[in-house]
Every structure is written in structure tokens, then in C-alpha cells.
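Okay, so here's the structure we're looking at.
The values are calculated or read from the model by the stated rules, or taken from the named source; none is laboratory data. Keep in mind that this is a model prediction, so the values were computed, not measured. Note: ideal-geometry Cβ built from the backbone for every residue, glycine included; neighbour counts use all protein chains shown. Protein only, heavy atoms only, side chains kept; ligands, DNA and RNA dropped before computing areas. Shrake-Rupley method; radii C 1.70, N 1.55, O 1.52, S 1.80 Å.
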Amino acid sequence: MENYNQTSTDFILLGLFPPSRIGLFIFTLIVLIFLMALIGNLSMILLIFLDTHLHTPMYFLLSQLSLIDLNYISTIVPKMVYDFLYGNMSISFIGCGIQSFFFLTLAGAEALLLTSMAYDRHIAICFPLHYPARMSKRVCVLMITGSWMIGSVNSCAHTVYALHIPYCKSRAINHFFCDVPAMLTLACTDTWVYESTVFLSTTIFLVFPFIGIACSYGRVLLAVYRMHSAEGRKKAYSTCSTHLTVVTFYYAPFAYTYLRPRSLRSPTEDKVLAVFYTILTPMLNPIIYSLRNKEVMGALTRMIQKIFSMKI
């Protein structure tokens, strides 16, 4: 590896799979999760697009979440699979920057989109009469566009910095993708200023949105508690619990990873936590939103019946 490092500017991703039967088992599991995520998110996008009953702001935002998750997991897993199958752990300098850019863009966009979805439920339950005005198609488009733009600007700043610092140590990144904090451990300059910006970005994209979501659902639960309709309370609790499950799976490991100082971080622990927000969450989101949502299940049933009736 030393000879490789001296003659190449490529990075080496040490990966997630140990060279043993356990590694093969984990690899197989990751591939199955990836396929489930692809099928689940594609199905959600197509179902929401084709079924007119789901042409509402809530499901418009949900379709965007599926689109982000679809790209999110595709940015990480295919490279992992290729590395394991062909034994080629290297990734070019530019390739590493591209992967990092898309990862950070999608991560930031998803964090902001989940906040928009919480706002949508807050307005729908607490201010139902104002919902058509506050959650119009124009507002939804602005929310989605803003999530993508802010995420990409933040990502661009971090990626450009990572590509312009000198690397003079081993080129081996102890991770399964080009995570900028993992890359910085290879830098030969002091990066404490950048680490402060990582803390700031994490606070803006994870802590503040989480506080906003918590406050939003606090008001939602209070409004639900005052409802006279038992069916209305049940539906509202189901929606809230679904969204909070998604938020917890995404925000908690992400925030715990990026808010810790470098001295307290462990590469092994970082990789395990990263599995939650890069691989498991994109697979779980469509499952949680479909299995716990009667409208989605109803749309799926109608679509299956339509397909069978066409064949007959």
C-alpha cells in the first residue's frame, strides 16, 4: 500500500466488509437492502404520480423524499458492491469529490425536506382551514427547490474545501464512502477551522430542524389531544408516529456522528452509524410510509386491481 500511495493521488476506501464469512454475509444483506430500497422508493414515486387520490402536498413531499432516498443509497452502495466483487478499493481523487458532493447534497436536502413534511402535518392538523393557502402547490415547489439548493450550496462548500487541502499521509480512508471528516484525518494541515464549520453545518441542518420538528409535533399532539373524533385522533397519531420514526432513524445517528469532536470519534463506530442514515433509512422510509398509511395501501390496491383487470 505504501508504494501505491507514493505513485497515485487516488484514495483507498477500506470499506465495511471484513475479509471473512461475516463480511460475505454483511455484503449479501446490504445488497438485499439496496434492492428493497430501489423497489420501495421507485414504487412510491410511481404510485404517487399515477394515483390522483395522492396528488396532495403531503404525498408530493413524500415522492420527493423517495427520490432523494433513491439517489442517496445509489451514491453509496453500488461503489461498495463493485469494490467487494472486484477487489478494487481505490477511488479517484475527482471521483471521491463527486461522491462526497452528492452525498452531502442529498443528506442536506433530506434533512430540510423532513422539516417541510413536519410543517405540512402541523398546518394540516392545527390549522386545517388555512391548509389550502399555506400548503399550495407553489409553496411545496418552493420548499423542495429550497431544500435542494441549500443542500447543494452547503455540499459544494465542504467538497471544495476537501479537494483543496493537501494530503500527505496514507491515502486509505477508513470508511465505506468519501465522508469528508474521514478524509480530513489524512490531511497534513491543521483542520480545526473546518471542523468548526462542520459543527456549524450540523447544527443548522440537523439540530435546528430537529428542534423545529419537535416543537411542531408538540403542538400537533396538543391539538390531537383536544380532538373530539376518535378516528381523527387515531389517524393523526399514526401520521405523527410514522414521521417521528423516520426522523429518529435519520437525525439521531447523523447528529451523534458529526457533533462529536475528532478525539471522541471511532472509525468503526462512525461506519456502523453511517449505515443507519445512508443505507437503512432509504430502505425503511417507503416501508414505514406505505405499511402504516391507509391511503397509500388503498392506492396500491387500486393499482394492482387495475393491472390485473388489464391482463384479463
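Where nothing but the Cβ of Lys and Arg (+1) and of Asp and Glu (-1) is charged, how large is the charge dipole of region 84-234 around its Cα centre, in debye to the nearest 20? Dipole about the Cα centre, nearest 20: 600 debye.
Relative protection proxy for 129-136, 24-31, 108-115, 178-185, from highest mean packing down: 108-115, 178-185, 24-31, 129-136 (other beta-carbon atoms within 10 angstrom).
Surface listing: Thr301, Thr159 arranged by accessible area from highest to lowest gives Thr301, Thr159, probe 1.4 Å. Charge dipole of the chain (Cα centre as origin; +1 on each Lys and Arg Cβ, -1 on each Asp and Glu Cβ, all else neutral): 1100 debye, rounded to the nearest 20. Considering helices alone, the calculated mean residue ellipticity of the chain at 222 nm is -25500 deg cm²/dmol, with DSSP H runs of length four and up weighted by -39500 (n - 2.57) and normalised per residue.
With an a/c value of 1.5 or above and a/b not larger than b/c for the gyration tensor axes a ≥ b ≥ c computed over the alpha-carbon atoms, region 169-308 is described as oblate. Fraction of C-alpha pairs exceeding 21 angstrom in region 27-112: 42 percent, rounded to a whole number.
Computed over the chain with a Gaussian network model linking Cα atoms closer than 10 Å, the most mobile of Ser152, Ser92, Ser100 is Ser92.
Surface composition of region 121-196: carbon plus sulfur atoms contribute 69% of the solvent-accessible area (1.4 Å probe, protein chains only, all chains present). Which of Ala37, Ala118, Ala223 ends up with the largest GNM mean-square fluctuation for the chain, with Cα atoms connected below 10 Å? Among Ala37, Ala118, Ala223, the largest mean-square fluctuation in the Gaussian network model of the chain belongs to Ala223.
Accessible surface calculations at 1.4 Å, restricted to protein heavy atoms, place the chain at 51 Å² per residue.
Once the dipole of the chain is set up with Lys and Arg at +1 and Asp and Glu at -1 on Cβ about the Cα centre, which of Met183, Thr202, Cys215 lies farthest towards its positive end? Positive-end residue among those listed: Cys215. At q = 0.07, 0.10 Å⁻¹, what is the log10 ratio I(q)/I(0) for the chain, with the Debye formula run over Cα points and no solvent? Listed by q, the Debye log ratios stand at -0.31, -0.62. Could you work out how far helix 294-311 tilts from the main Cα principal axis of the chain, as a 0 to 90 degree angle to the nearest 10? The two axes meet at around 90 degrees.
Unpaired cysteine residues in the chain (no second Cys Cβ under 4.7 Å): Cys126, Cys140, Cys156, Cys215, Cys240. Considering only Ala299, His243, Ala172, and ranking their Cα positions along the charge dipole of region 11-310 that arises from unit charges at the beta-carbon of Lys, Arg, Asp and Glu, the one farthest toward the positive end is Ala299. Helix 21-50 and the longest principal axis of the Cα set of the chain meet at an angle near 40°.
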